[in-house]
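> The structure that follows is given in the form of structure tokens.
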Amino acid sequence: MNTTYSFQIYKSTSLLPVEWNSLAANNIFLTREYLEVLENSCPVNMTCHFIGLFEEKKLIGIVLTQFLFAEKLESFGERDKCLKTSVRNFALKNFASHVLFVGNNMLTGQNAFVLDKSIKESKAIKTLHKAINQLKKDLKENGKKVHITSIKDFTGKEIEPLQAEFKNNYTFSTQPNMIFNIKESWKTEQDYINALSKKYRDQYKRARKKSEGIVKQQMSLSDIKQYEDAIYDLYFHVAKNAPFNTFFLARNHFSFFKEIMGDNFLLYGYFLDEKLIGFNTLIKNGEVMDTYFLGYDESIQREKMLYLNMLYDMIASSIKKGFREIVFARTALEIKSSVGAKPVKMYGLITHSNALINHNISRFFNYLEPKTEWQERNPFK
């Protein structure tokens, strides 16, 4: 019997089918709770939609989309002041200000969808394609024409069934996802230190010595609310000075995240002379620890090697808690490599609504995605 697949687009988590979380069991970033965080404290220039795929009445797939509209964004990143950056920003505002992401632009990795393993994958992806086209029609009817559609982030193997269906899309690869694998034999931070070569053990010791005087504190919900403005200012300073940005978090994002996700969301504050000078965040995702946003005072960061110390703290904490790996995501590739993270190449699909631009999408994409030159390190013996 040839059963038909259908889809339903939801604008609110309150409308999601009751069985939604059964499909999200292995990925916290597709659970109803996390999507509620997105819905209620997402960036000002982002709207989320959630798609359910069905076989008859049975839910067989769950999907996250994010629609970003750049007209509410004051800056795309201020670190690089050059002609190419100006051209890129002009291109973004005029040809790419409305972007529909199938997936999560705030994370790295395959957080776009989950499909029931018992169904026919190619048929489900074809239904997903129809759902994306319908969502674009719905947005256009509301005066928001989608310029770019991007499906992200997938490994080489994960992208293949999507390439087969989305034939008119350009396959791109951006900065890799930096993954830190924790060896089963490591039970303490000292086990990790012992595995480092002399050069990188010396780096570890130097960083730890520089951080003397800094007090690290795991922050409760009331702590996060108390320091909300300071946390946001530290985050915003780092985000604004990144080479490229498509959104800025809402001011209440971290406190709302903690309120909804509880112990699965960890925020660590770093204090010097009782003043908050930095913070980082981690999300427990099954056996995987995902790093999230962070912030710091730039002047103290350099002097105290704060960012490097944060990486070491994330590693120590994840080993102690028994996690299998840490997703360090993109950016700061070389320093993450120096602590032992390895690059995993990620792919996505992109298409433009303008046929002429779409024909030249590979060249256009180079203006949208700044290239990063970096050298991979191997800190282990």
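> Residues with beta-carbon under 15 Å from that of residue 229, excluding residue 229: net charge, scoring Lys, Arg +1 and Asp, Glu -1?
Cβ neighbours under 15 Å give a net charge of -1.
> From the square roots a ≥ b ≥ c of the eigenvalues of the alpha-carbon gyration tensor of segment 263-343, which class results: rounded (a/c under 1.5), prolate (a/b over b/c), or oblate? Present the calculation step by step, with values, prior to reporting the outcome.
Working: a/c = 2.10, a/b = 1.36, b/c = 1.54.
Verdict is oblate for segment 263-343.
> Do the alpha carbons of any pairs in 137/345; 11/57; 321/342; 152/381; 209/345 sit beyond 26 Å of each other, and which pairs?
The pairs that break the limit, which is 26 Å between Cα atoms, are 137/345; 152/381; 209/345.
> Using heavy-atom solvent-accessible surface (probe 1.4 Å) with all chains present, what is the largest-first order of 149, 4?
4, 149
> Taking all protein chains together and a probe of 1.4 Å, list 197, 22 from the most accessible to the least accessible.
22, 197
> If the cut-off is a Cα-Cα distance under 18 Å, which aspartates and glutamates reach residue 140, setting aside same-chain residues fewer than 8 apart in sequence?
In chain and number order, the partners are 71.
> Given a 1.4 angstrom probe, what's the average accessible area per residue across segment 139-278, in square angstrom?
Each residue of segment 139-278 exposes 51 Å² on average to a 1.4 Å probe.
> Separate question: So which GluC sites (Glu not before Pro) in segment 185-252 end up in coil per DSSP with only 15 or fewer other C-beta atoms within 10 Å? Before the final figure, lay out each step's value.
Working: sites: 189, 212, 228; in loops: 212.
Answer in residue order: 212.
> Given an 8 Å cut-off on Cα distances and at least 6 residues of separation, report the relative contact order of the chain as a percent.
Values: 684 pairs, mean separation 85.7, N = 381.
Computed over the chain, the figure is 22 percent.
> Also, I was wondering about something else. Excluding ligands and nucleic acids, what accessible area in Å² is computed for residue 208 using a 1.4 Å probe, to the nearest 10?
The value for residue 208 is about 60 Å².
> Right, here's the next one. Mind checking the angle between helix 83-95 and the chain's longest principal axis? C-alpha axes, 0 to 90 degrees, to the nearest 10.
It works out to around 40 degrees.
> Something else: Could you rank the peptides 249-256, 315-322 by their average count of other C-beta atoms within 10 Å per residue, with the highest value first?
249-256, 315-322
> Grab the DSSP H runs of the chain that are 4 residues or longer, score each as -39,500 (n - 2.57), total them, divide by all residues and round the 222 nm result to the nearest 500 deg cm²/dmol. Show your work: numbers first, answer last.
On the way: 15 runs with 147 residues, N = 381.
Mean residue ellipticity, 222 nm, calculated: -11000 deg cm²/dmol.
> Quickly work out the residue 363-to-residue 264 label distance, labels modelled 7 Å from Cα along the C-beta direction, and quote it in nm with one decimal.
4.6 nm
> With all protein chains present, how much of the accessible area of the chain (probe radius 1.4 Å) comes from carbon and sulfur, to the nearest whole percent?
Details: 9040 of 18080 Å².
Here carbon and sulfur together make up 50 percent of the probe-accessible area.
The values are calculated or read from the model by the stated rules, or taken from the named source; none is laboratory data. What you are looking at is a predicted structure, and each value in this text was computed from that prediction instead of being measured. No Cβ is skipped: glycine too gets one built from the backbone with ideal geometry, and neighbour counts run over all protein chains shown. Keep in mind that these areas ignore ligands, DNA and RNA; they rest on the heavy atoms of the full protein, side chains included. Shrake-Rupley method; radii C 1.70, N 1.55, O 1.52, S 1.80 Å.
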